[in-house]
Amino acid sequence: MVKVSQSIPQERTRAAPLVEIDDLAFGYTNQPLLYGVQVSVWSGEMVGLLGPNGSGKTTLLRLLSGILHPQQGRILLDGRDLAAWGRRGTARRVAVVPQELQVPFAFTVEQMVSLGRTPFINLLGTRTSRDREIVREAMHVAEVDPLAERVFNELSGGERQRVMIAMALAQQPRLLLLDEPTSHLDIKYQIEVLELVRRLNRETGVTVIAAMHDLNLAARYFPRLLLFQRGIVADGGPAEVLEPRLLQRVYGVAVQVGVMPGAEHLSVLPPGDPVSSEERREEPIKIHVMAGGGSGGLVMRALADAGLSFSAGVLNIGDSDYTLALRLAAEVIAEQPFAPISEAACLRLRGCLRTVSLLILCPMPVGPGNLVLLQEALAVCRRGIPVLLLLSPGGPGMAATQDLSPEVLARLLNTPERDYAHGKGARLLCQLVEAGATLIATAGEAVVYARHMIREDHSLFL
């Protein structure tokens with residue numbers, strides 16, 4: 001995950017977080033939907049969850065509410081495993097406002113809000129005067145007390161949403177989860193609902209985590225945003241997370257991000273001139289990085305810092321190199337988490353490699369699932385395209401490797417603990433060395449090499 005500056009007040013960072021998510025993974029099938037989620041939320045924060053459909057936002061809310069259970073990792077609430085609180089204990093601390101609530105009975109608004117006291121009712125099912133007082137207060141705070149005798153199903157969408165918030169407030173939660181609270185609402189009710197949520201956060205200190213589709217509303221109302229794509233891609237304030245190139249990588253559409261005249265919040269807009277955008281012919285990307293398992297971080301940062309455009313992949317979604325590439329690379333070829341490289345991804349890679357002028361191969365773990373990367377790198381090298389092989393950290397410098405045999409060099413590039421392909425990875429690396437691949441010891445050497453190529457041919461990387 002790309003960590004950027006977060007808008008957590010300094011006084012909150014000294015206290016223990018209200019919610020801690022540690023290495024969480026979950027999937028409805030054999031394919032993980034969420035992978036490697038690691039995040040903390042402090043008491044009193046307002047956090048917006050962003051991402052395209054199917055990115056895992058609603059699933060994360062269900063995990064936080066205890067409806068679903070992690071398949072890997074854990075969720076802590078107030079320092080205690082969420083499962084240890086039990087359903088009743090969790091419901092006394094966590095309230096959920098769904099997108100829509102279907103009620104098969106003609107319950108009045110007051111009866112609906114009273115349902116929020118269910119976790120606190122005794123075994124006889126009787127409500128105390130204190131319960132009734134809390135219900136009245138929740139209705140007043142959510143400004144639905146004039147609707148007390150109305151039938152819930154007969155209300156407008158915005159009114160129903162306010163009633164559901166009042167019902168959640170009657171639980172007296174420390175954590176309020178909202179699943180796309182503005183979906184299906186017109187702009188008037190969208191603003192009213194989010195203004196109410198922000199007011200509740202400021203006045204009561206309730207922590208809010210909300211899945212949002214509207215990026216503009218998210219930028220206006222949520223000081224901290226988490227951008228999802230089967231894991232957290234970025235975590236920070238709107239200015240850091242709503243970055244045009246990052247949004248294009250995640251959502252697959254070009255956008256503009258800026259502050260409109262007379263406004264104080266960021267706005268996300270379509271491209272300014274769609275026609276000229278379609279007519280523009282960009283030069284092929286000339287540098288490609290093959291990495292994985294965190295092996296490409298230094299190279300990608302060094303290339304980006306030097307202003308050199310590059311593509312990356314194939315990378316599994318959720319891999320730390322993948323999340324960094326989404327922010328830094330001009331193009332990312334992706335594969336599903338834990339999945340071997342598919343033929344479709346391989347075809348995309350070959351198309352990309354047909355135009356490269358430099359390939360950088362990082363010391364990634366190699367197994368049957370990604371062995372094809374080394375095969376494609378060898379094909380590139382045999383076409384006469386420069387290939388740089390980055391030695392693993394702590395290995396000998398480039399000058400010290402000149403007199404070593406290809407077999408020894410291959411072991412330096414792919415030590416046994418990183419070769420899960422029964423020696424096939426080491427053999428392919430031997431062939432790469434024999435085919436003329438250049439060994440480098442640091443990411444800085446890759447930048448120097450690329451700049452040298454630019455000086456040799458100024459049109460190469462334009």
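Observations on the model:
Conditions (1) under 15 Å from GLY51 (Cβ atoms); (2) modelled with pLDDT under 90; (3) assigned by TED's automatic domain parsing to the domain that holds VAL356; (4) not β-branched (Val, Ile, Thr), marked per residue:
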| position | (1), (2), (3), (4) |
| --- | --- |
| LEU194 | no, no, no, yes |
| GLY205 | no, no, no, yes |
| ALA210 | yes, no, no, yes |
| ILE232 | yes, yes, no, no |
| GLU240 | no, yes, no, yes |
| VAL253 | yes, yes, no, no |
| GLY258 | no, yes, no, yes |
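- Take the conditions (1) under 24 Å from TYR35 (Cα atoms); (2) at pLDDT 90 or above; (3) assigned to a helix (DSSP H, G or I); (4) under 19 Å from the mean Cα position of the chain (by Cα); LEU298 misses just one of them, which is (4).
Residues are listed down the side, and each one gets a yes or a no for (1) surrounded by fewer than 19 Cβ atoms within 10 Å (Cβ to Cβ); (2) under 23 Å from ASN370 (Cα atoms); (3) modelled with pLDDT of 80 or more:
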| site | (1), (2), (3) |
| --- | --- |
| LEU428 | no, yes, yes |
| GLN431 | yes, yes, yes |
| ILE440 | no, yes, yes |
| ALA443 | no, yes, yes |
| HIS452 | yes, no, yes |
| GLU456 | yes, no, no |
| PHE461 | no, no, no |
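- Counting only helices (runs of 4 or more DSSP H) that sit wholly inside segment 7-92, those with at least 1 residues that are surrounded by 14 or more Cβ atoms within 10 Å (Cβ to Cβ) and in contact with a helix residue (DSSP H, G or I) (Cβ under 8 Å, 6 or more places away or on another chain) are 57-65, 82-91.
- Total residues in segment 197-224, condition in a helix (DSSP H, G or I) and not aliphatic (A, V, I, L, M): 9
- Within segment 370-409, the residues that satisfy the criterion of being modelled with pLDDT under 60, closer than 24 Å to MET300 by Cα and either in a helix (DSSP H, G or I) or not assigned by TED's automatic domain parsing to the domain that holds ARG348 (or both) are ALA399, THR401, LEU409.
- Checked against the criteria, VAL241 counts as of a type in the set (A, V, I, L, M, F, W, C) and within 24 Å of THR323 (Cα to Cα).
The values are calculated or read from the model by the stated rules, or taken from the named source; none is laboratory data. Nothing here was measured: the structure is a model prediction, and the numbers come from that model. Glycine also receives a Cβ, built like all others from the backbone with ideal geometry; neighbour counts cover every protein chain displayed.
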